[in-house]
Every structure is written in structure tokens, then in C-alpha cells.
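Right, one structure below, let's go through it.
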Amino acid sequence: MSDTTNSSSRTAKPASAATASTGEMWLFTLDHRRLARAWAAVTAVVLVAGVVLGLGLAFQPLADAGAVETFRRMYTMHGLALVALVVLPAIPGVLGNALLPESCGVEGMAWPGLNRLAFHIHLFGVALFLVAFSVAPADTGWSFDAPFAFGSASSLAWSVAGLLTVGVASACSGANLVATFVESRLKNRGNLDVPLFAWALAAGGLVQVLAAPFLCVAAVLLVAQRAGAADVFASGVAIDVSYAQWFWAWAHPAMGAAVIAALGLVDDVVTRHAGGRAPASRSLVLCILALAVLAFAGSPVHWIGRTNSPADSLSASALALAAGVPFAGLVAGWIATLGSASPRPTGALCAAATAIVLFTCGALAGLFAASVPAGALLQQSSFASAQLHFSGLGVVAALYAGLLQVSPDWFGVPVREGQGRGASALILAGTLATFVPKLVLGAQGQPSRTLEILAGGEALTLASAVGGIVLALGLGLAAWSIVGAFLASHGASNTAAEVAP
Amino acid sequence: MNAMLLVQSAVGLPQASSYAASIDRAFVVTAWFAVFLAILVAGALALALFAPRRDGAESEPATRRSSKWVSTGVAVAGALSLLVLLHGSRVWADVQTVPRGALAIQVHLEKNAFAFTYPGGHVATELHMPCDRPVKLMLRGDREPYTFAVPEFRLHALVAAAQDRDAWVAATLPGEYAARSTTFPRASDAIAAATVVVHEAGGFEKWHQEVSGPPLDLPPVELGARSYQMRGCTQCHSLDGSKLVGPSFKGFLARQHVLVDQTVVEPTDDYIKESILDPTAKVIAGHEPVMPSFRGRLHELEVAGLVAFIKSQP
């Protein structure tokens with residue numbers, strides 16, 4: 001808790017707990033470092049809740065207990081909480097705030113007011129979701145699957161409002177990241193030694209901003225269709241772009257942006273461990289920019305790739321496969337860097353390695369999902385859901401790596417090395433044990449989001465559920481390790497305070 | 001060894017179509033690549049992280065000598081993606097191009113239930129198909145998107161809203177399979193499903209003839225003659241006067257028709273029609289009331305044809 005000693009905050013407000021109330025300190029601060037911690041606290045709580053729901057989902061089909069409706073509400077909450085409140089906003093919110101200004105060599109975010117506003121909008125979105133989950137739970141899945149969502153008897157209003165709200169918050173964060181990056185470039189004209197993390201956050205932020213309008217259109221279509229005001233399936237329209245295509249035109253790039261930010265963070269951890277900060281090499285920057293372009297180009301793919309034309313399917317396949325290429329460049333670069341530097345495997349580095357392996361698994365699963373005709377077979381199967389989980393948990397592992405990286409700075413004490421390594425190992429093992437069986441089940445035709453287990457699939461379903469326990473333990477240990485450092489720092493400062501006077 | 005195939009046979013997902021094997025092969029080859037690359041990446045990382053450190057390596061600052069490696073990674077992944085794309089598109093072309101002379105069956109999804117329309121217009125809720133003969137599935141676009149999937153065939157066709165689409169399959173293993181739509185249906189718990197019956201050699205043609213009957217545009221007497229043959233009347237009714245389970249049709253108009261209560265009925269059109277649709281209403285003396293009702297099983301024109309045919313018997 002000693003920001004003022006080692007950094008010059010833009011707000012220049014002393015972090016004295018004696019004069020400022022907790023609310024002022026954390027909720028209404030313009031200081032990006034404080035906002036980073038507030039983001040981290042909110043994200044951690046949602047993450048734990050979402051993981052508990054996920055465990056329930058893994059076991060419910062096996063226990064053959066509970067109604068379909070309960071199951072549907074649970075997977076909807078699980079997906080919305082973890083995608084919309086953790087995977088998409090966490091890295092820009094937590095580590096963007098914690099690291100971007102320093103990385104770029106500026107004192108703070110370009111628009112501190114907007115930065116705080118983004119956090120407040122996000123909190124409002126969280127509140128909307130809380131209302132949704134407690135009084136009006138949706139049962140449609142986090143992507144509001146059509147045509148199910150159009151006829152669902154459950155109330156979608158709160159959930160849609162929540163998703164829209166956090167989408168707007170992400171766009172505000174994204175705009176701020178882009179502005180901060182551009183501002184720093186204008187200040188240090190000609191000086192190109194910006195770390196890759198800054199490039200990645202800015203590129204991801206731009207994608208978030210550009211994709212947000214699609215979410216708005218999708219939400220309007222969904223609400224209008226449910227109200228009976230419009231018929232999004234009406235034929236005779238020249239370009240028959242339906243609701244689901246608009247939705248994924250947002251969700252796909254937004255997910256891409258989150259992964260890009262996570263890759264930037266992984267690079268940050270790797271380079272710091274390999275002997276200090278280094279400017280990003282041109283080839284790595286190109287990889288990140290290519291990923292951003294492809295993530296955004298993926299949104300029209302969701303228009304053309306979902307028609308009945310074989311040629312469309314092929315071009316969609318080509319675009320989707322292309323995203324793996326720059327990613328492979330990044331991975332090869334990291335392995336080379338680590339190989340030549342042989343750094344000590346700290347907790348942060350192990351978490352980063354976990355993220356790399358998980359993203360690699362996601363990309364390799366993408367080889368199937370993006371290829372014709374295998375990809376068609378895997379649509380809506382548990383294969384597709386497993387692939388999404390590899391990316392999502394990759395982002396979570398990267399987030400953890402980043403938190404371990406900043407923890408000495410935040411708490412004055414580092415997270416215990418053993419805990420960091422152990423949590424990383426458990427997250428890796430748990431994710432593989434949970435979702436590799438899901439890949440196999442999906443390849444055999446197991447649909448996702450159903451209580452039915454494919455004939456003969458019981459053993460793999462059980463294996464996956466057991467893997468879920470390992471994963472939950474890993475994530476729990478990760479959360480505990482951070483909380484532990486926080487408590488240790490508090491204990492330390494409290495005793496210091498007692499001794500000082 | 002071959003994990004994917006091992007698991008497949010353990011679960012018993014047969015390759016029941018002509019292209020299933022080639023799709024599986026592409027899948028399995030990709031799976032091997034993927035497993036190999038995953039192990040390579042994980043192994044290299046583990047080595048970089050946990051291998052005993054060389055002396056002096058720690059102090060050496062990390063210069064970005066990785067550029068070369070970045071390009072290598074890009075090249076390898078690019079080549080692999082291209083391979084997957086090219087091979088995939090070849091198999092895809094196979095899966096997409098409906099062979100000439102395929103038997104055409106229309107697939108509709110109505111009120112969340114599949115309906116199949118066969119050549120000749122017969123509509124059934126089950127998909128019957130021959131073995132080893134390509135079948136063209138004309139998937140009719142519904143107001144809302146749906147999927148027609150049969151995992152054993154490796155067939156999974158997403159049908160966009162209000163757009164028709166053709167798919168094809170040549171089943172290779174006789175048996176029963178389940179087709180399902182995996183698109184989330186509107187506010188209903190059930191995912192649309194249908195039974196797929198792949199007949200043994202010759203079985204489909206027999207089934208198809210049985211359900212569809214003779215062509216309806218024949219002249220009535222001829223149509224009746226065909227129906228008499230195809231609808232199983234021959235089992236119980238002869239044309240040459242010999243008594244089978246039921247009375248012979250020989251000289252139908254010239255003969256007396258005495259019922260069990262000894263009343264005599266005139267062989268009018270209405271009487272013959274009633275005898276076909278509601279056989280137990282009037283039972284002929286000397287016979288058991290064992291004739292099945294044909295109500296709902298024959299087209300109106302077929303009934304009229306049978307009436308004409310029976311009356312025409314000398």
C-alpha cells in the first residue's frame with residue numbers, strides 16, 4: 001500500500017487511509033493503480049462464483065438430478081459471469097490499469113475520468129446481472145441462442161441489459177487504452193521501444209470498440225423479436241443477416257481482444273523474466289496486429305460462414321485457420337527467449353507458461369473447428385465448448401500471471417512462490433483433465449448444453465467432472481495465494497502502524 | 001495407439017456412410033498433428049523453465065534473438081494450416097457434391113418434428129434409405145435455422161433460416177440410426193429427432209413400393225389391378241373362383257352376396273367401398289370377420305380403382 005513512494009500518480013492524492021474513506025479510496029479514485037485493485041477484487045469474487053457454478057454443471061448430468069430448467073439457468077449464469085465479467089474485461093481492467101501507463105512511459109491514462117466511468121458502468125452491469133441471477137434468471141445460454149431465446153418464457157431483460165452494460169464498459173476501457181497508447185506515441189515520437197503488452201492492449205482495445213456496435217444491434221434485434229415488433233427471420237432480405245450472426249460479430253472479436261490482451265501480458269511476464277524489459281521486436285508486433293485484424297475480420301465470417309454456400313464455408317475456414325499462424329509465431333518467440341535466458345521458474349512465469357499451453361490447446365482445437373468438413377460436425381458440440389474454455393482459462397491464467405507479477409508492488413510482499421507454482425500446475429492439469437475429455441466427447445457427437453450423456457460417454461463425462469474439481473482447486477489456490485499476500489501486507493502494515501506512534 | 005479411433009470404437013460410433021472414413025482420416029491426421037504440437041510446445045516450455053540452468057546464462061540479458069524463431073513458428077503454422085485447409089477442401093468437395101442419380105428425399109422441419117417426403121409424394125416421419133446408394137437430402141429452409149445431423153454418417157448440415165440446402169449421403173451399414181437437430185429449438189425441451197432406417201439391399205425399394213402404392217394417374221381399372229397386387233388383397237381374395245380366407249372376386253357383379261344374417265346385398269359401388277374401408281360392417285356368410293380395415297391406408301383414387309377393378313371381374 002505504498003503507491004506514493006514509488007510512483008508519481010497523476011492524481012497526486014496521497015494514499016492515506018486516515019483522511020479518505022474506503023469508498024473514496026477505491027470506488028471514486030481517479031488513480032489507475034487503485035482502480036486496478038478494485039477491478040481485481042470485483043473480478044475475483046465473480047470468478048469464484050462462476051467456477052462454483054461450473055462445478056455444479058459438470059456434475060449435474062452425472063447425478064441425473066435437478067430439472068432441465070435449473071441446468072439451463074446455471075449454464076447461463078456461469079457463461080455470462082465468466083465471459084462477460086471475467087474473461088472479456090479483466091485484463092484491460094486489472095492489468096491495463098496497473099501496467100499500461102508505465103509501459104508506455106506516461107503518467108496515467110489518457111482519460112482518467114472515462115477510465116473511472118468504465119469501472120462504474122461495469123459495476124452497474126454487475127448489479128444488473130445480480131438482479132438477473134436472483135430474481136429473473138435467463139435460461140438461454142450466455143449467447144442468448146436463437147431461436148430458443150425468442151420463445152423462452154424466462155425474463156431476459158435484466159441479463160440483456162447487463163451484457164449490454166458491461167459491453168459498453170469494455171468499449172470505454174478499450175477507447176481509453178487506445179487513447180493512452182496513442183498519446184504516449186505522440187509524446188515520445190520516433191521512440192519505438194514500447195513493450196508488446198502496450199501494443200496488445202491498444203490493439204485489443206480497438207477491437208473492443210469496433211465490435212461493440214454489433215452487440216447493440218444484436219440486443220435490439222433480440223428485444224424487438226421477443227416483443228413481436230420485428231421478425232429477424234423474415235426472408236426476402238437481400239443479405240439475410242440474422243440475430244445470431246450479429247451477436248457473434250460482437251462476441252467473436254471481443255473474445256479475440258481478450259486473448260490478444262492476455263498474450264501481451266504473457267509476453268510482459270516472459271520478457272521481464274528473461275532479463276528485463278525490452279522493446280517489442282517488429283515481428284512480434286506484427287503478430288499481435290495480425291491477430292487483431294483477424295479477430296475483427298472474424299466478425300464478417302460470422303455473416304458469410306453461416307449461410308448454406310460451400311464457398312462461404314471455405315473462406316470462413318481459411319480466415320479462422322489464419323488466426324493460428326501469428327499465434328504460433330508468438331509461442332515460438334517466447335520459447336526461444338526463455339530457452340536462451342533460462343530464467344528461474346517463478347510463480348508468475350509458471351502461470352504464464354500455463355496460459356501459453358492452454359492457448360496452444362485452444363488454437364490446436366481450432367484446427368478442427370475451423371476446418372471443413374470436420375468443423376461442421378463439431379458445431380454446437382461439447383468440442384466447441386471445450387475450445388472456448390481453453391481460451392477462457394488461458395486468459396484467466398494470464399491474469400493470474402500478471403497479478404503475481406504486480407503483487408510485490410501492490411502488497412509489498414510477493415505471493416508465496418510455492419503457492420503460485422502449485423496453483424499454475426493445478427490450473428493446467430485441471431483444465432486439461434476437464435476439457436480434453438470434452439473434446440473427445442464432442443468429436444463423437446455429444447452436444448453441449450444438455451443433461452443427456454451420449455451413449456457410452458459416461459466414463460469421459462465423469463473424468464471431466466473430476467478434472468473440474470482439480471481445476472477448481474487450482475483456481476481456489478490461485479485466489480487464496482493473492483488474498484494471502486493481501487492479508488500478509490495488511491498484517492504487516494497494521495503492526496507497523498501500532499509500532500510507529 | 002490411435003486414440004481417436006480407439007475411443008470411437010469403444011463408444012461404438014460406426015462409420016456408416018461412404019465418406020465417413022475419409023472425414024475420420026482427416027480428423028485423425030489432424031489430431032496427431034495437434035497432439036504432437038501440444039506436446040512439443042509444452043515440452044519445450046517445461047525444458048526452458050525447469051532444465052538445470054547453464055552457468056552464466058542468468059546474467060545474459062535477453063536480447064530479442066527470437067525473431068528468427070517467430071518466423072519459424074509462423075512458417076510451420078502457416079504450412080500446417082494450409083495443409084488442413086487444402087485437404088479439408090478436397091474432402092469438403094466430396095461431401096458437398098451430390099452424385100448424379102442420387103435418390104432425392106425432401107427434409108422439412110415442421111413444428112419441431114422432421115418430415116421426409118419421398119419420390120412419389122409419400123410423407124413419413126422416419127427417414128428410410130437404401131444401402132450403398134447416394135441419397136440427396138433436400139433440406140428445406142424453415143423460418144428458423146436448424147441442423148440435420150446423423151453422427152454415424154458424419155453428416156451435420158446447418159440449414160440457415162429460410163434457405164434451402166442440399167446434402168447427400170450414401171449409407172453403407174444397414175440399421176437404425178438417430179437423426180437430430182442440435183439447434184436450440186424455440187421454447188421447447190425436446191430437440192427434434194427422427195429415426196433413420198437404412199435398409200438391406202432391396203429393402204428400401206420394397207418399403208417404398210409398399211408405402212407409396214401404384215402411380216395414381218393410371219386408368220381406374222388398371223390402378224385397381226395394381227393395388228390388388230400391391231396392397232395384399234391377393235392373400236385372401238382370388239380372381240379364379242377359388243376360396244381363400246375371403247370370397248373370390250370372380251364374377252363379382254353376377255354373384256349373390258349373402259351376409260351372415262342371410263340378407264342379400266347388392267354389389268353397389270358404395271357396398272364395395274364400405275367392404276374395403278369398414279370390412280366388419282357387413283360380413284359375408286361362411287367367412288370370419290378377419291379382413292383388416294384399409295381406412296387411411298389407401299388413396300381415394302386407389303379405392304375407386306379397386307371398386308372398378310372388382311366390378312370388372314368376369
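The values are calculated or read from the model by the stated rules, or taken from the named source; none is laboratory data. Just so we're clear, the structure is a prediction, and the values are computed from it rather than from any experiment. All Cβ positions, even for glycine, are placed from backbone atoms using ideal geometry, and neighbour counts span all protein chains on display. To get the accessible areas, we keep the full protein, side chains included, count just its heavy atoms, and leave off ligands, DNA and RNA. Shrake-Rupley method; radii C 1.70, N 1.55, O 1.52, S 1.80 Å.
Annotations for the structure displayed:
- What the phi angles of the stretch B:22-28 give under the Karplus curve with 6.51, -1.76 and 1.60, with θ = phi - 60°, is a coupling list of 6, 5, 4, 5, 4, 5, 5 Hz, glycine and proline written as x.
- Label-reachable residues, the stretch B:100-128, where backbone N falls under 14 Å from a point 7 Å from B:ASP166's Cα toward its Cβ: B:100-107
- Förster radius 56 Å - calculated FRET efficiency between B:GLU222 and A:VAL293, Cβ distance, rounded to 0.05: 0.20
- Computed [θ] at 222 nm, helices only, for chain A once each DSSP H run of length n ≥ 4 contributes -39500 (n - 2.57): -25000 deg cm²/dmol
- Degrees separating the helix B:203-212 axis from the principal Cα axis of chain B, which is the longest one: 50 degrees
- Estimated FRET transfer efficiency (A:PHE59, B:THR125; beta-carbon r; R0 35 Å; 0.05): 0.45
- Averaged over B:96-104, number of beta-carbon atoms from partner chains that fall within 10 Å: 1
- Relative contact order for chain B, counting Cα pairs under 8 Å that sit 6 or more residues apart, in percent: 13 percent
- Two-site label geometry, A:SER315 and A:ALA157: point separation in nm, points 7 Å out along Cα→Cβ: 4.1 nm
- Members of B:LYS206/B:LYS273; B:LYS111/B:LYS206; B:LYS206/B:LYS282; A:LYS438/B:LYS111; B:LYS206/B:LYS311; B:LYS243/B:LYS311 lying beyond 22 Å, as alpha-carbon distances in this model show: B:LYS206/B:LYS273; B:LYS111/B:LYS206; B:LYS206/B:LYS282; A:LYS438/B:LYS111; B:LYS206/B:LYS311
- Peptides A:246-253, B:196-203 ordered by packing proxy, namely the average of other Cβ atoms within 10 Å per residue, highest first: A:246-253, B:196-203.
- Highest-first arrangement of A:415-425, A:138-148, A:455-465, where packing means the average Cβ count within 10 Å: A:138-148, A:415-425, A:455-465
- Helix B:300-311 and the longest principal axis of the C-alpha atoms of chain B enclose an angle of approximately 40°.
- Contact order, relative form, for chain A: 14 percent (alpha carbon pairs under 8 Å, 6 or more residues apart, mean separation divided by residue count).
- Gain in span if fully extended, B:ALA113 to B:ALA21, counting 0.36 nm per residue against the direct Cα distance: 30.2 nm
- The mean number of Cβ atoms from other chains found within 10 Å of a Cβ in peptide A:338-351 is 5, as a whole number.
- Remark on B:HIS257: its backbone amide H falls under 5 Å from those of B:VAL265, a criterion applied only to residues 5 or more positions apart or on other chains, H modelled at 1.01 Å from N.
- Close amide H partners of A:SER152, meaning residues 5 or more places away or on another chain with modelled amide H under 5 Å apart, are B:ALA187.
- Look at the Cα gyration tensor of the protein assembly as shown: its axes a ≥ b ≥ c give a/c of at least 1.5 with a/b over b/c, and that counts as prolate.
- Cβ-Cβ distance of A:HIS120 and A:LEU186, R₀ of 30 Å, FRET efficiency by 1/(1 + (r/R0)^6): the value works out to about 0.60.
- Under the Karplus curve 6.51 cos²θ - 1.76 cosθ + 1.60, θ = phi - 60°, whole-Hz ³J(HN,Hα) for the stretch B:268-285, x wherever Gly or Pro sits: 7, 4, 4, 5, 4, 4, 4, 4, 7, 8, 9, x, 7, 4, 10, 9, 6, 4
- Between A:ARG282 and B:ALA75, the modelled labels are 1.8 nm apart [label points 7 Å from Cα along Cα→Cβ].
- A 1.4 Å probe over all protein chains sorts B:LYS311, B:LYS111, A:LYS187, B:LYS250 by accessible area into B:LYS111, A:LYS187, B:LYS250, B:LYS311, starting with the largest.
- The stretch A:164-169 - phi-based ³J(HN,Hα) in whole Hz, Karplus 6.51/-1.76/1.60, Gly and Pro as x: 4, 5, 5, x, 5, 4
- Contact order, relative form, for the stretch B:214-311: 36 percent (alpha carbon pairs under 8 Å, 6 or more residues apart, mean separation divided by residue count).
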